[in-house]
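Take a look at the structure below.
The values are calculated or read from the model by the stated rules, or taken from the named source; none is laboratory data. Only a predicted model underlies this, so the values are computations on that prediction, with no experimental measurement involved. Neighbour counts are summed over all protein chains in view; Cβ atoms, including those assigned to glycine, are modelled from backbone coordinates with ideal geometry.
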Amino acid sequence: MASSEHSVGFEPADRLAQDRESVRRRFWSKLKRVMAKLPFAEDLLAAYYCAFDKQTPRHVQAALLGAIAYFVLPFDFVPDMLPVLGFTDDAAILATAIRMVAGHITPEHRDAARSALKRGVATDDAE
């Protein structure tokens, strides 16, 4: 009962996070659309690479996939199209997830994120 009180509004993200391939497809699609507006794009990409790294423990993957799933949902608490405020809720959720699992996001994940941003997040990243 207590868990439902703390997860109000996050149920769609929780369900989506269970489908890793759907998260993967939706992530790249949305990232390409909004990347120019995201001050936290590098952190988001590092979290993505960590979440899909086979070496990452399952509980870390689950935390990061939940945050990424919230990012890719077409609706959220603060609509993404609002100037300045649009991505604040996404950033807060991502920052919280990253803080919880920071030790698992490796320099390699961060390097991959920087490389993807330099390439302009190429289409082959979505595969």
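Can you tell me which residue is surrounded by the fewest Cβ atoms within 10 Å (Cβ to Cβ) among those in region 26-68 that are farther than 17 Å from Leu117 by Cα and among the small types (Gly, Ala, Ser)?
Ala62
For region 33-59, give me the residue count where each residue is assigned to a helix (DSSP H, G or I) and at pLDDT 85 or above.
Step one: of region 33-59, the residues assigned to a helix (DSSP H, G or I) are 33-37, 41-51, 58-59.
Then drop every residue that is not at pLDDT 85 or above, which leaves 41-51, 58-59.
The qualifying residues number 13.
What do you reckon, is Asp89 surrounded by 13 or more Cβ atoms within 10 Å (Cβ to Cβ), modelled with pLDDT of 75 or more, under 15 Å from the mean Cα position of the chain (by Cα) and outside any helix (DSSP H, G or I)?
On the way: surrounded by 13 or more Cβ atoms within 10 Å (Cβ to Cβ): yes; modelled with pLDDT of 75 or more: yes; under 15 Å from the mean Cα position of the chain (by Cα): yes; outside any helix (DSSP H, G or I): no.
For Asp89, the condition - surrounded by 13 or more Cβ atoms within 10 Å (Cβ to Cβ), modelled with pLDDT of 75 or more, under 15 Å from the mean Cα position of the chain (by Cα) and outside any helix (DSSP H, G or I) - is not met.
Consider Thr106 against the criteria (1) at pLDDT below 65; (2) surrounded by 14 or more Cβ atoms within 10 Å (Cβ to Cβ); (3) more than 15 Å from the chain's Cα centre (by Cα): it satisfies all of them except one. Which criterion is unmet?
The number of the failed condition is (1).
Filtering region 69-86 down to residues that are buried (at least 19 other Cβ atoms within 10 Å of the Cβ) and assigned to a loop (DSSP other than H, G, I, E, B), which residue is modelled with the lowest pLDDT?
Asp80
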